[in-house]
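The values are calculated or read from the model by the stated rules, or taken from the named source; none is laboratory data. No experiment lies behind these values; they were computed from the predicted model shown. As a convention, Cβ positions derive from the backbone with ideal geometry for all residues, glycine included, and neighbour counts pool all protein chains shown. Just so you know, the surface numbers come from the protein's heavy atoms only, side chains and all, with ligands and any DNA or RNA stripped out. Shrake-Rupley method; radii C 1.70, N 1.55, O 1.52, S 1.80 Å.
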Amino acid sequence: MEQERSTDPESDVAHRLRLAERRLDRERRARIEAEQIAETGLRTLYESKLRLRLLQAITEIANRAVDVGSALDEATAIILEHLGWAFGHARCLGADGRPMLCDERRCGNGRSAGDRTGMCDGCQRKADPGPAAQVMATGKSMWIGTDPGDTGANVPPFVNGLAVPVTTARGVAAVLMFYSHAAVAHDRDLLEILDQAAAQLGRVFERARTQEALLHEAMHDPLTGLPNRNYLNRSLDSLLARDAPPGRPVAVLIVDLDGFKQVNDTLGHAAGDAVLKRVAAALNRIVEQRGGPSAETEAAPVRRIAARMGGDEFAILLAERAGSEECKRIARRIHTAVEAIDRVGDHQVAISASIGIAVGRTGEHRVEQLLRDADLAMYEAKITEQGMTVEFTAALGEKVRERAQLEAELRDALVKEQFRLVYQPIVSMEQGFQLQGYEALVRWDHPTRGELQPSLFIPIAESSDLILFLGDWVLRKACAHAARWPSHGNRMPFVSVNIAPRQFAQPGFARRVCEVVVETGLDPAMLRLELTESAAINDLAHTRRMLDTLRRWGIKISLDDFGTGFSSLSSLRDLPFDILKIDRSFVGALASDSKSNGIVEAIFALARTIGLTVVAEGIESEKQAAWLARMGCDLGQGYHFGYPAELPAPQPGSLPDPDDLD
């Protein structure tokens, strides 16, 4: 057979041709397969490079982004361009936890689809929130394999889509969604690269949240959660500087708490913080409520802000309907709310609010001016009476400027010692009105205004630290003068010195008095300190410590202006006073007001019961003096016995007669 094949040349050639064809076919298939492998590899390499470029581009966007919105918009556009798909948008997590459409949408043609309810040109279709909600719930990317919306006329359906979560440390913050009209193979590598890109965008959210937290911290009070002074200033500046019709009212109420320091000092800072939180909550409730019926007629909403300015000071900002009457209505509600805070834990507290109101107008007032006016009004309320509201007026502004000028001159007067002491005699009502001592009273010899009475400058000194220096000067001078007085008959006259509340509140007050007594050489028994009832009850523990120390030295303590304070009987019961001084208002009404007569008689009876010496001040007539003497009053003073005057330099064995001090 083999011989036959070898002898047939034609058959042999055919056989070889068939072998060659089979070999060529195998080589061709191998070459095609190799080319396909190479092409696939090149395509994969190319796509990998494109996707790496995409990831790099998204990373650059995340690095330079200034806000979340612009980063999402730019990233959506680039991803759409890379995919060559029809439409894309982002859904962020709303305040209610549900996905909400972001401001920007993108179509594959590169145009922005600004219409929130549809898409642009031929892509007018609603985006389905379903896949976004699912991705937000699972935190995993997913392919969308069906039309995400209803098919509309003449609009080809979306066949495929992608939903990719943008994640942060707190979870999913947004979902990037992309749609294609054409069928697209589910590509795991594409999902992976888009996940990586979304992770880069997550950094933008993290950065934005960090910035938001820092901004909130910078603009809010950490204790109460209220906006702070910076927030209020920016809000007020925005209102006054905005492009609005001029003349619109903008009001500021400054609220300062009276009695808060006592809560802090006696109950501790935790109790003080509790009070501040309750006040803040009350102010928030007040500003969140609308005003009277007229509020409903306003076209613009009422904008109000409650803020903590620092310490125990708060502020309320009113825009639009911010007239004087509305401010006063709110102030009344604040007074009621603050005074209702009467307990902290098991402890009873007494706080009130001093409120200053300033109403400005857009185009006419500056931030600093409005806040200054409200502050001035608040301080006027505070020095007038606790729990008051004062509205700033031009007259008040002039009064405050005058007070500021006088305060500056008062500081200068302390340096130059422009003060002098005068003394009003205090006599015995039971021993023929014989001289017993003097009350030291300060006068200011102003270089241009002449002699100024204490009523003109003491309140100014008490509203600042100046009273500490002036009070110490009066104490030293009075003790030094009294130490040089000779005896009057068989008695050494005592000197009585008024002590300011802020002076008495100093922790080292008793020690300072004892130092002055030693330095001046005054017999401590000849010194009497007059303390007002309000100063005495401000901090009972401090008062008791100070009085016990002073009385051990032999110094006597007088409760001044008795009957005009807040807790007279409890003060007498709880505190070691030696002397009771009846206020001049009761003495002036004697014989003409039966109620005053009864009150004074009751005071005498009470004083005898607890062993106190009684001094009546403001005696201006013989009739008043006789009546008081009959009632058993111990000591008296007033114009009937002598006007305040400077004592001449004492001579040995002599002292002015009180009748000569006219």
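Restricting segment 162-185 to residues that are within 11 Å of VAL135 (Cβ to Cβ) and of a type in the set (Gly, Ala, Ser) leaves a set whose member that is surrounded by the most Cβ atoms within 10 Å (Cβ to Cβ) is ALA174. Restricted to segment 63-89, and to residues there that are open to solvent by less than 10 Å² (accessible area, probe 1.4 Å) and modelled with pLDDT under 85, the residue that is nearest to GLY139 (Cα to Cα) is HIS89. Selection of segment 333-370 for residues being under 28 Å from SER464 (Cα atoms), part of a helix (DSSP H, G or I) and open to solvent by 50 Å² or more (accessible area, probe 1.4 Å) yields GLU339, GLU368.
Would you check which residues across segment 247-265 are open to solvent by less than 70 Å² (accessible area, probe 1.4 Å) and farther than 18 Å from GLU313 by Cα and list them?
GLY247, PRO249, VAL250
When you scan segment 549-561, do you find a residue that is open to solvent by 60 Å² or more (accessible area, probe 1.4 Å), in contact with a Pro (Cβ under 9 Å, 6 or more places away or on another chain), over 21 Å from LEU606 (Cβ atoms) and at pLDDT 90 or above, even just one? Among the residues of segment 549-561, at least one is open to solvent by 60 Å² or more (accessible area, probe 1.4 Å), in contact with a Pro (Cβ under 9 Å, 6 or more places away or on another chain), over 21 Å from LEU606 (Cβ atoms) and at pLDDT 90 or above, which makes the answer yes. Filtered by the rule that a residue be at pLDDT below 70 and charged (D, E, K, R), segment 574-594 gives a lone residue, ASP593.
Scanning segment 189-201 finds one or more residues that are under 40 Å from the mean Cα position of the chain (by Cα), open to solvent by less than 20 Å² (accessible area, probe 1.4 Å) and at pLDDT 85 or above. Taking first residues from segment 601-627 that are open to solvent by 60 Å² or more (accessible area, probe 1.4 Å) and partners that are assigned to a helix (DSSP H, G or I) and among the polar types (S, T, N, Q), no Cβ contact under 6 Å between residues at least 6 apart in sequence or on separate chains turns up.
Looking only at segment 209-246, how many residues end up being more than 30 Å from ALA274 (Cβ to Cβ) and open to solvent by 30 Å² or more (accessible area, probe 1.4 Å)?
10
Has segment 165-177 got any residue that is out of contact with any strand residue (DSSP E or B) (no Cβ under 7 Å at 6 or more places or on another chain) and farther than 24 Å from GLN56 by Cα? Checking segment 165-177: at least one residue is out of contact with any strand residue (DSSP E or B) (no Cβ under 7 Å at 6 or more places or on another chain) and farther than 24 Å from GLN56 by Cα. For segment 377-389, check the following and say yes or no: at least one residue is within 23 Å of LYS261 (Cα to Cα), hydroxyl-bearing (Ser, Thr, Tyr), free of Cβ contacts under 8 Å to residues at least 40 places away in the same chain and out of contact with any Asp or Glu (no Cβ under 6 Å at 6 or more places or on another chain). Checking segment 377-389: at least one residue is within 23 Å of LYS261 (Cα to Cα), hydroxyl-bearing (Ser, Thr, Tyr), free of Cβ contacts under 8 Å to residues at least 40 places away in the same chain and out of contact with any Asp or Glu (no Cβ under 6 Å at 6 or more places or on another chain). Selection of segment 459-479 for residues being open to solvent by 30 Å² or more (accessible area, probe 1.4 Å) and closer than 18 Å to ARG420 by Cβ yields PHE469, ASP472, ARG476, LYS477. Scanning segment 430-455 for residues that are open to solvent by 50 Å² or more (accessible area, probe 1.4 Å) and under 19 Å from LEU531 (Cα atoms) turns up just one, SER455. Residue count for segment 371-429 satisfying the condition of being open to solvent by 70 Å² or more (accessible area, probe 1.4 Å), among the aliphatic types (A, V, I, L, M) and within 25 Å of the chain's Cα centre (by Cα): 1.
Here segment 485-504 is the region considered, the condition is being open to solvent by 50 Å² or more (accessible area, probe 1.4 Å) and in contact with a helix residue (DSSP H, G or I) (Cβ under 9 Å, 6 or more places away or on another chain), and the residue that is farthest from GLU439 (Cα to Cα) is ARG502.
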